[in-house]
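Here the structure is laid out as structure tokens; the discussion comes afterwards.
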Number of protein chains: 2
Amino acid sequence: MLAALDQVRQRGIAGVRAAEVAKSLDVSTSLIFYHFGTLENLIVEAFRHAAEADLARLREIMAEGGAVAKRLRAVLDWYAPTNKADGWLLWIEAWAGSLRDTELRSVAQRLDLRWREAVVALIAEGVGAGEFNCVDPRAAAWRLTALLDGLAVQMVARDGAVTAAECTEWLEQAMRHELGR
Amino acid sequence: MLAALDQVRQRGIAGVRAAEVAKSLDVSTSLIFYHFGTLENLIVEAFRHAAEADLARLREIMAEGGAVAKRLRAVLDWYAPTNKADGWLLWIEAWAGSLRDTELRSVAQRLDLRWREAVVALIAEGVGAGEFNCVDPRAAAWRLTALLDGLAVQMVARDGAVTAAECTEWLEQAMRHELGR
DNA sequence: CCCGATACTGACTGTCTAATCAGTCAGTAA
DNA sequence: TTACTGACTGATTAGACAGTCAGTATCGGG
């Protein structure tokens with residue numbers, strides 16, 4: 001499954017070959033079909049696994065406590081494309097895959113929704129605590145996360161159009177805009 | 001080429017079959033290889049064609065004259081994922097394809113850069129004319145377009161997570177934030 | 001120690017498909 | 001008429017690959 005994710009990163013979803021996955025694990029191709037039935041299953045399970053790992057990380061961050069602003073910062077930093085670009089490869093693949101594969105779509109969508117809910121909740125909490133100044137937490141959260149998705153595309157699928165520094169700076173500015181002085 | 005784009009929309013880049021393209025044009029598969037040499041060439045040419053069409057449309061909008069705000073609105077409306085979602089299918093495919101195919105990447109990147117340059121220029125012009133109030137036009141333009149890319153993913157690769165109305169409203173708010181008091 | 005289950009494999013197979021190639025045909029120039 | 005070109009095709013091929021199946025090895029519980 002980890003091996004399948006590696007393959008997705010290297011060749012794309014449609015480029016995953018049972019033989020390659022098997023080779024990288026030093027097992028027979030038959031074993032893959034023994035466990036997953038079809039290649040498509042393997043890929044969906046692999047994405048599900050990746051999504052669960054990300055969600056576990058999210059819960060971890062949320063549980064850390066501290067000021068709302070600190071937690072929000074931590075969540076957005078993890079989500080931001082400045083580091084861990086490898087993870088973004090996967091999710092951009094998943095977007096394209098979601099255009100056709102409904103199962104993949106629901107896996108990706110679930111992860112996505114959780115992140116956004118977490119951001120919405122944090123912003124709302126911050127507003128309640130008087131830390132933030134924001135009329136519509138939901139809208140603000142979705143704008144911020146959509147911005148990050150867009151920046152991720154620039155970072156991962158483009159050659160140096162945007163630097164990591166610009167990326168963080170633009171996020172900073174957007175946060176100031178959205179969350180008030 | 002139009003037929004190839006249809007195939008990309010329906011099956012994804014990796015799902016394009018010479019036989020299918022040929023059938024939809026009612027010609028032999030041989031003809032495709034006669035003209036394009038390889039399937040990959042066909043696909044890159046098809047994307048190039050789509051990109052040129054979009055750029056032509058951009059030039060058209062830019063040439064229309066009128067107030068800066070009106071032109072900017074027209075550009076962003078065309079770029080926005082609320083209508084013409086079909087076009088977005090193509091470019092999300094292109095993002096994923098760009099992760100591995102350098103030729104495709106350069107085609108997509110070129111188009112992308114032009115759009116962003118157009119937005120940067122319009123904002124700068126608006127600032128010059130006193131219509132907008134914006135410290136860093138480049139940053140504002142990239143944030144707005146990245147936001148649109150992110151919203152496009154939501155509209156196209158997700159089931160009803162975001163409505164078209166929310167999408168336009170959030171864009172409105174972002175524009176107000178970025179361009180004016 | 002046996003037995004059933006579970007994990008795993010190697011050898012196949014049927015299918016799909018990009019690419020090739022030899023050749024047809026309509027047009028055109030000399 | 002002849003020579004030649006460019007567009008196009010039908011038939012074919014060679015390779016790739018998902019999935020199957022008939023087994024073998026391993027192991028834990030009775």
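Restricting region A:15-35 to residues that are farther than 18 Å from A:H49 by Cβ and more than 9 Å from DNA strand D (Cβ to nearest atom), the residue that is surrounded by the most Cβ atoms within 10 Å (Cβ to Cβ) is A:K23.
Per-residue answers, yes or no, for (1) more than 18 Å from the chain's Cα centre (by Cα); (2) of a type outside the set (A, V, I, L, M, F, W, C):
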position	(1), (2)
A:R138	yes, yes
A:L144	no, no
A:G150	no, yes
A:A165	yes, no
A:T168	no, yes
A:H177	yes, yes
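Residues of region B:155-175 that are at the interface with chain A (Cβ under 7 Å from one of its Cβ atoms), in a helix (DSSP H, G or I) and free of Cβ contacts under 8 Å to residues at least 40 places away in the same chain: B:W170, B:Q173, B:A174.
The set of residues in region B:11-49 being within 14 Å of another protein chain (Cβ to nearest Cβ) and more than 13 Å from DNA strand C (Cβ to nearest atom) consists of B:F47 alone.
Would you mind stating whether B:L104 is closer than 18 Å to A:G12 by Cβ, within 16 Å of DNA strand C (Cβ to nearest atom) and buried (at least 17 other Cβ atoms within 10 Å of the Cβ)? Quick ask: steps written out before the conclusion?
On the way: closer than 18 Å to A:G12 by Cβ: yes; within 16 Å of DNA strand C (Cβ to nearest atom): yes; buried (at least 17 other Cβ atoms within 10 Å of the Cβ): yes.
Answer is yes for this residue.
Out of B:A174, B:A146, one residue alone is closer than 22 Å to B:D112 by Cα, at pLDDT 95 or above and buried (at least 21 other Cβ atoms within 10 Å of the Cβ). It is B:A146. In the condition set (1) modelled with pLDDT of 90 or more; (2) within 12 Å of chain A (Cβ to nearest Cβ), B:A85 is compliant with all but (1).
Of the residues that sit in region B:67-82 and are surrounded by 21 or more Cβ atoms within 10 Å (Cβ to Cβ) and within 13 Å of chain A (Cβ to nearest Cβ), which one is nearest to B:A161 (Cα to Cα)? Within region B:67-82, the match that is nearest to B:A161 (Cα to Cα) is B:P81. Scanning region A:25-44 for residues that are in contact (Cβ under 8 Å) with a residue 12 or more places away in the chain and touching an Asp or Glu at 6+ places or on another chain (Cβ under 7 Å) yields a single hit, A:V44.
Selection within region B:112-127: residues that are surrounded by 21 or more Cβ atoms within 10 Å (Cβ to Cβ) and more than 10 Å from chain A (Cβ to nearest Cβ). The member of this set that is farthest from B:D54 (Cα to Cα) is B:G126.
Going by the conditions given, is B:D136 under 30 Å from A:V16 (Cα atoms) and among the acidic types (D, E)? Here the answer is no, as B:D136 does not meet what is asked.
The values are calculated or read from the model by the stated rules, or taken from the named source; none is laboratory data. The model shown is predicted, which means the values in this text are computed figures rather than measured ones. For neighbour counting, all protein chains shown are included, and Cβ atoms are generated from backbone atoms with ideal geometry for every residue, glycine included.
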